[in-house]
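Worksheet for the structure shown next.
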Amino acid sequence: MALAFDEFGRPFIILKEQEQKTRLRGLDAQKANIASGKAVARILRTSLGPKGMDKMLQSPDGDVTITNDGATILEQMDVDNQIAKLMVELSRSQDYEIGDGTTGVVVMAGALLEQAEKLLERGIHPIRIAEGYELASRIAFEHLEHIAHKFEFSATNIEPLIQTCMTTLSSKIVNRCKRSLAEIAVKAVLAVADLERKDVNLDLIKVEGKVGGKLEDTELIYGIVVDKDMSHPQMPKQIEDAKIAILTCPFEPPKPKTKHKVDIDTVEKFQTLRQQEQKYFDDMVQKCKDVGATLVICQWGFDDEANHLLMHRNLPAVRWVGGVELELIAIATGGRIVPRFQELTPEKLGRAGLVREKAFGTTKDRMIYIEHCANSRAVTIFIRGGNKMMIEETKRSLHDALCVARNLIRNNSIVYGGGSAEISCSIAVEAAADKYPGVEQYAIRAFADALDAIPMALAENSGLQPIETLSAVKSQQIKENNCCCGIDCNDIGTNDMREQNVFETLIGKQQQILLATQVVKMILKIDDVISPSDY
Amino acid sequence: MSAMLQPQIILLKEGTDTSQGKPQLVSNINACMAVADVVRTTLGPRGMDKLIHDEKGNTTISNDGATIMKLLDIVHPAAKILVDIAKSQDSEVGDGTTTVVLLAGEFLKEAKPFVEDGVHPQNLIRSYRNASYLAIQKIKELAVSIEGKSLEEKKSLLAKCAATTLSSKLIGGEKEFFATMVVDAVLTIGNEDRLNMIGIKKVPGGTMRDSFLVNGVAFKKTFSYAGFEQQPKKFVNPKILLLNIELELKSEKENAEIRLSDPLQYQSIVDAEWNIIYDKLDKCVKSGAKVVLSRLAIGDLATQYFADRDIFCAGRVTEEDLQRVAAATGGTVQTTVNNIIDEVLGSCDLFEERQVGNERFNIFSGCPSGRTATIVLRGGADQFIEEAERSLHDAIMIVRRALKNSTIVAGGGAIDMEISRYLRQHARTIAGKSQLFINSYAKALEVIPRQLCDNAGFDATDVLNKLRQKHALPSGEGAPYGVEINTGGIADSFANFVWEPAVVKINAINAATEAACLVLSVDETVKNPKSESAQGEAAASAMGGRGRVGGAFRGRGRGMRR
């Protein structure tokens, strides 16, 4: 803030701790903001596409993450700059809404900012640029709808869904078995999807990972996998046609919640108390037996006494199962969660075709598989991989693939990938630009140029000549009037993305363009930054 | 000898800063002008935003005058007056907060040369008051009433007002979309005075266009226990029970103690406790309600009990949301489960749990009494949604104001130019010093169109002269002409639907004149050295409340003890 002086030349203070604040205003503020936005985009640029590189991130406490998922990279980078934070949120909101394309949206925003900088230097008012971008984004939005294809699929014909998920997975480290992972993702989503309401609750898909084995061993289980073992080592390891009692009460004598005291003044009383306690255990186990349960899954622990009794009565049990897992088990097996032994009835038992305990390799780790459930509305994807980082990255990649499948169920329109949609939009926007009178025309053209940034980055990351490739593809699109021409990242020999089976969801692409425009608009509109000066 | 010396009389504490007289007055004016300069560039559809970043790391990007003024943390005593008028404009009208600060700054700027020339401030004050009175009369005269129009017509008129307000904001690109949304929301709550009946929920992700209006209530899925996912998530025409009690297994009385002498009675105590909770749950079920909401916790036991009986429940619903549900569905919040009669149950056409972005939302729609509306805002970044919320708040206030007073004036600086012309004309009929002062008041009013042009990058002098010429036409047909923001010329604001409620202008002129007069009437400041920090704290505490409850119950995970 400019210092004000009174009539005697003394400065007076208007703001609190005025001296410690820095203020950047006007064009300088915009330039600085654009520069920081661009810096973030530059980091992500090399992660785009099937040949994109990964980033290794080390957190303050030494955890290492290796990923090429834009949202994750930015999240872990812990940026400090305010504008850079906006970019982080941009990618996060793409992640929330669509789940995929988090890198693309940031690269796109970076390109838009870069173009805006040039226009600002020419003296165009930032709001005019923002308005031009807005117009252009609508043109692109509508154009995308125009070039989109409906993708028909049904519960039996899932091939189109798999193809789209494969496109997403191809840019990840797991691309060597993208086919099998895509199949897993699609099947998992279809298992939990409510096709009528077009609603998919991803909470019902449990993703579990275990170090060891190889990626190809990753499997989809129509049921639940719990990282627990049987409470007693001598219990049977495999139960067929299990009837499962799902309990949220411990195998312990019940306690009243009110503060209580039992006065024991004679030996007899003590004896009765002890007997009663034992009877409780006996009753509890008997109750489970009576309703016909062959497996007990409990949220809490057991007394050693109870454990022993269960073992004795040949009733296998699992203890300390987390609440979320318990709920998923209940959903998968069609059982009900029972809070009290008195409430156990045969109808409340869950059913599973097979429950088995599986040990892995030479380690002592065991896990319990609950499979062949009557109602597989909850499924588990069980990931194997060489190391922890690999598994984490696979989880993230699968999350993207799951989101893509979900989006397709919501809206089955797709556009072609490999930058073809962007190139096509760029051509459309460029053509539309000339129709606008006024300064906006320049901004619209700049938008078209910015759209080229994505195919350009794709080409660059794939080791192709970016400008040469892009111009060749662009001219091909115009010449053949074919909006499916994209960058041939995998060197297959054709530019036609239809043949390469590279698809992306329409809503994902539209969201990218709208979100990027929105954030760029916001950044452009700021002309005054007031911050504590130590930043 | 020393006894002869005149001892110095110490009246005030050491370090006290006293400045007085004319220099003091001028320096106060300077301070106010410096503050007005900060918000100057945010005016109008081409106005820019400010990014304010405080020590705690909170960032705000805003275009709203009142918000910026509050966040600036101004300590200068005279300049603080401007913060106050911005706040009062915000609470009174909701919009025009930048205008009011700008006007006050400009009035003072015009007064400065006179003060330097030795005019007594009281003379200035009297003339300013007079001028503001005349200006307000003129506004009332020029205002057009929208009373007596049909509902459809009124709706589109109100939407125009809302669009004018929104055009200067970040969401200006979608102003029609949001204007209709705001008008619908305001009309839904009708004459209800409680603004909190319009809920605004913020969900990061998606684009602005994904925002939607729920004709009823929507809130984020609350914290839930195991068993929740087994409850049905969609009901048609459900009965809704609203509670303010805990449905959990717990000790009924604090500090009570049970003493048992016979161990065999142990079981009966346990049973008694279970029976209490089962009894409560049973009553809920018997009432016939399909959706049970409670402000307090609904425990895991209750969740599973309800799941068994195909009932949906949500615990720890925030007070505000629960009130809204009550108003919308016609239910009453109960503090006991005894004697639940049908009348206290609410109902709605459809209840469902839906995915919005990354969150699950509980949505009640098609409510019978329809006294509430919820706007679910979407956007790419937190700051973006925050700013959108502030903008919508302004628009809602404007629409409500317009609905109540239902007179509007032309925007785009047209009304300011017209008043200015009128005052100049009036000034010529006055003999004496007052003529000069009213003239300068009139000149100060021109700051609005001038700033609109400056912000848009047009030649202000050029546009202003065109406007002056139009407004000076004797026929009076030029009165609605204002700045045309797109081309840089002038245009009939009224015909272009750049409208604002008259009350915004009236209040702005009133508040700005008051503030200017207040600053002018001060000729001495006594600043106590110690009170400095206390003042700072007071300012900080005032900053804290823009009266909106953020962050309902966060946490999407399900809380289960492992």
In segment A:397-504, trypsin sites (Lys or Arg not before Pro) in a DSSP loop with at most 14 other beta-carbon atoms within 10 Å: A:Lys435
In segment A:227-375 the DSSP beta bridges are antiparallel at a rate, in percent to nearest 5, of 60 percent
In segment A:172-239, the GluC sites (Glu not before Pro) that sit in a DSSP loop and have at most 10 other Cβ atoms within 10 Å of their own Cβ are A:Glu196
So, taking all protein chains as they sit and a 1.4 Å probe, how much accessible area belongs to B:Trp499, in Å² rounded to tens? 20 Å²
Apportionment of accessible area to carbon and sulfur, the protein assembly as shown, percent (1.4 Å): 50 percent
Mean accessible area per residue over chain B (1.4 angstrom probe, all protein chains present, square angstrom) is 40 Å²
Quick check for me: using +1 on Lys/Arg Cβ and -1 on Asp/Glu Cβ, what's the dipole size of chain A about its Cα centre, in debye to the nearest 20? 880 debye
Please report, in whole Å³, the volume per residue of the convex hull around the C-alpha atoms of chain B. 227 Å³
Shape call for segment A:412-470 from the C-alpha gyration tensor, a ≥ b ≥ c root eigenvalues: rounded (a/c under 1.5), prolate (a/b greater than b/c) or oblate? oblate
Tell me, how many Å apart are the Cα centres for segment A:18-93 and for segment B:69-107? 35 Å
Counting other chain Cβ atoms within 10 Å of each Cβ in A:262-269 and taking the mean gives 3
Any idea what angle helix B:175-189 forms with the longest principal axis of chain B, computed on alpha-carbon atoms, 0 to 90 degrees, nearest 10? 60 degrees
Set Lys and Arg Cβ to +1 and Asp and Glu Cβ to -1, take the dipole of the protein assembly as shown about its Cα centre, and tell me which of B:Ser27, A:Gly99, A:Ala306 lies farthest positive. B:Ser27
Relative contact order for segment A:227-375: what percent, with Cα pairs under 8 Å and sequence separation of 6 or more? 37 percent
Listed peptides B:334-342, A:24-32, B:447-455, A:139-147 by packing density, highest first (mean Cβ within 10 Å): B:447-455, A:139-147, A:24-32, B:334-342
Report the accessible surface area buried between chains B and A, summing both sides, using a 1.4 Å probe on protein heavy atoms only, in Å² rounded to the nearest 100. 8500 Å²
Pairs of alpha-carbon atoms within less than 8 angstrom and 6+ residues apart define the contacts here; what relative contact order does segment A:81-226 have, in percent? 12 percent
Distance check, please: which entries in A:Lys435/A:Lys474; A:Lys187/B:Lys286; A:Lys21/A:Lys85; A:Lys479/B:Lys175; A:Lys474/B:Lys169; B:Lys169/B:Lys443 exceed 29 angstrom between their Cα atoms? A:Lys187/B:Lys286; A:Lys479/B:Lys175; A:Lys474/B:Lys169
Probe radius 1.4 Å, ligands and nucleic acids left out: which of B:Phe235, A:Phe251 has the largest accessible area, and how do the rest follow? B:Phe235, A:Phe251
Let me confirm one metric for peptide B:150-160, namely the mean number of other chain beta-carbon atoms within 10 Å of its residues' beta-carbons. 0
Here segment A:377-386 yields Karplus 3J(HN,Hα) values (6.51, -1.76, 1.60; θ = phi - 60°; whole Hz; Gly and Pro given as x) of 7, 10, 10, 10, 10, 10, 9, 10, x, x
Mean per-residue count of partner chain Cβ within 10 Å for B:69-77 equals 4
Relative contact order of chain B, please, whole-number percent, based on alpha carbon pairs below 8 angstrom and at least 6 residues apart. 26 percent
Nearest 10 degrees, 0 to 90: what angle lies between the long axis of helix A:178-192 and the longest principal axis of chain A (Cα atoms)? 60 degrees
For A:Val502, what residues show an amide H to amide H distance below 5 Å, using hydrogens built from the backbone and excluding near sequence neighbours? A:Gly417
Along the charge dipole of chain B, pointing to its positive end and built from +1/-1 on Cβ of Lys, Arg, Asp and Glu, which listed residue (B:Gln265, B:Asn439, B:Val526) has its Cα farthest out? B:Asn439
Among DSSP beta bridges whose residues both lie in chain B, state the antiparallel percentage, nearest 5. 70 percent
Bridge orientation stat for the protein assembly as shown from DSSP, antiparallel percent rounded to 5, came to 65 percent
Here is the link list: A:Lys55/A:Lys395; B:Lys140/B:Lys466; B:Lys112/B:Lys466; B:Lys201/B:Lys290. Which ones come out longer than 20 Å on Cα distance? B:Lys140/B:Lys466; B:Lys112/B:Lys466; B:Lys201/B:Lys290
What angle do you read, to the nearest 10 degrees and between 0 and 90, between the alpha-carbon axis of helix B:460-472 and the longest principal axis of chain B? 80 degrees
Once you wrap a convex hull around the alpha carbon atoms of segment B:450-498, what is its projected area averaged over all directions, in nm²? 3.1 nm²
Please return the longest stretch of chain B lacking exposed loop sites, where GluC sites (Glu not before Pro) count only if DSSP places them in a loop and at most 11 other Cβ atoms lie within 10 Å. B:255-476
For the protein assembly as shown, size of Cβ-based charge dipole, Lys and Arg +1, Asp and Glu -1, in debye: 1060 debye
Magnitude of the Cβ-charge dipole of segment A:72-121, K/R +1 and D/E -1, about the Cα centre, nearest 20 debye? 80 debye
When every protein chain stays in place and a 1.4 Å probe is rolled, B:Arg371, B:Arg424, A:Arg128 sorted by accessible area with the largest first are B:Arg371, B:Arg424, A:Arg128
Highest mean first, how do A:230-241, A:385-396 rank when packing is the count of other Cβ atoms within 10 Å averaged over residues? A:385-396, A:230-241
Helix-derived [θ] at 222 nm for chain B: sum -39500 (n - 2.57) over DSSP H runs of at least 4, divide by residue count, nearest 500? -15500 deg cm²/dmol
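The values are calculated or read from the model by the stated rules, or taken from the named source; none is laboratory data. It should be emphasised that the depicted structure is a prediction, and the values quoted were computed from it without experimental measurement. Ideal geometry is used to build each Cβ from the backbone, glycine not excepted, and the neighbour counts take in all protein chains shown. Keep in mind that these areas ignore ligands, DNA and RNA; they rest on the heavy atoms of the full protein, side chains included. Shrake-Rupley method; radii C 1.70, N 1.55, O 1.52, S 1.80 Å.
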